[in-house]
Amino acid sequence: MVHRAWSRHHVGAQECTNGHLMCAGCFIHLLADARLKEEQATCPNCRCEISKSLCCRNLAVEKAVSELPSECGFCLRQFPRSLLERHQKEECQDRVTQCKYKRIGCPWHGPFHELTVHEAACAHPTKTGNELMEILDEMDQSHRKEMQLYNSIFSLLSFEKIGYTEVQFRPYRTDDFITRLYYETPRFTVLNQTWVLKARVNDSERNPNLSCKRTLSFQLLLKSKVTAPLECSFLLLKGPYDDVKISPVIYHFVFTNDSNETDYVPLPIVDSVECNKLLAAKNINLRLFLFQIQK
């Protein structure tokens, strides 16, 4: 049986040692579920063990699937998969498009075949200067929020004391009667201090494997003794060899000997699919940046 996802997306076909097939998305989900339940991942058909090292891609099946007819998500017509992307982006008369006056605030979204009629009747070109200024002010506010993060990062890069390191989160289990998965890094040194990072799934809810929505949160712990408060900004980004999508978020904390660990803060992963990629891996490899704030 061919998984429906193969007809919609360009994904790999993984094969267990007995020849049973799984799409890449299901394969990653099985590995992530097994990690959460502290079980060995198994093939849904024959129950043999599966892992990234035991399974392999079936290129013949991937090629065959790429030639199957696929349904356009807009007009519902059938096309060979190799032609579907071009049809949806450039040719489909029902594809969703935007008004050319969106730059001055027109919110219209609709099928391409209605675009000409809409633009001919669009009220935005006839708005007064004052009305357009109000619209542009709202758009500018949204743009400023996006730029604020990047300006903050550029500002941090001018600090005198900056450190970064690759960190590897390793999976562990709590000692509770019902164990819970958590992650912890070995101790590492940045800015002449010793640190540890911890992470947990879905804020340590009881059965995260039963939830479709999955998140990771982390905390930074200072293990060294300090003679004065240590004020830092920090952020986690993806490592050099991973393809997980993480949006940069800057966190801030003042470390002292009495307050040496941050609260758990969200690891800003794009969605649950990206979270499953991390959970399916043997370890989670990320890059930590630390910026010491000096008064």
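The values are calculated or read from the model by the stated rules, or taken from the named source; none is laboratory data. Because the structure is predicted, anything quoted here is derived from the model rather than measured. Cβ coordinates were reconstructed from backbone atoms using ideal geometry, including for glycine residues, and neighbour counts include every protein chain displayed. For the accessible areas, the whole protein counts, side chains as well, though only heavy atoms, and no ligand, DNA or RNA atoms are used. Shrake-Rupley method; radii C 1.70, N 1.55, O 1.52, S 1.80 Å.
Results, tabulated for the structure shown:
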read-out	value
Theoretical FRET efficiency, 1/(1+(r/R0)^6), r = Cβ-Cβ of TYR164 and THR128, R0 51 Å, to 0.05	0.50
Accessible carbon and sulfur surface of segment 97-153 relative to its total accessible area, %, 1.4 Å	53
Relative contact order %, the chain, counting alpha carbon pairs below 8 Å whose residues are six or more apart	16
Modelled FRET efficiency - R0 41 Å, GLU71 with GLU39, Cβ distances, 0.05 increments	0.70
Size of electric dipole in segment 183-281: Cβ of Lys, Arg +1 and of Asp, Glu -1, about Cα centre, debye, nearest 20	200
Heavy-atom accessible surface of segment 13-67: percent carbon and sulfur, 1.4 Å	50
Residue-normalised accessible area of the chain, expressed per residue, 1.4 Å probe, Å²	62
Packing-based order for 35-45, 106-116, 147-157, using average beta carbon neighbours within 10 Å, highest first	35-45, 106-116, 147-157
Between segment 241-289 and segment 140-186, the alpha-carbon center distance in angstrom	4
Leading residue at positive end of dipole, segment 97-153 (Cβ point charges), from ILE153, ILE104, HIS143	ILE153
Descending Cα extents along the principal axes, segment 97-153, whole Å	44, 27, 10
Carbon and sulfur %, accessible surface of segment 159-292 computed with the full protein complex present, 1.4 Å	48
Residue-span extension gain [HIS113 to THR194] - 0.36 nm each, minus C-alpha spacing	23.0 nm
Under 12 Å from the ALA120 label point (7 Å along Cα→beta-carbon), backbone N, segment 89-114	114
Distance-filtered residues of segment 271-286 - backbone nitrogen under 20 Å, label point 7 angstrom along VAL265 Cα→Cβ	271, 275, 285-286
Cα-centred dipole magnitude for the chain, charges only on beta-carbon of K, R (+1) and D, E (-1), debye, nearest 20	660
Per-q log10 I(q)/I(0), the chain, q = 0.08, 0.13 Å⁻¹ (Debye; single scatterer per alpha-carbon; no solvent)	-0.56, -1.08
Per-residue ³J(HN,Hα) for segment 185-201, Karplus 6.51 cos²θ - 1.76 cosθ + 1.60, θ = phi - 60°, Hz, x for Gly and Pro	8, x, 5, 9, 10, 9, 6, 6, 10, 9, 9, 9, 10, 10, 9, 9, 9
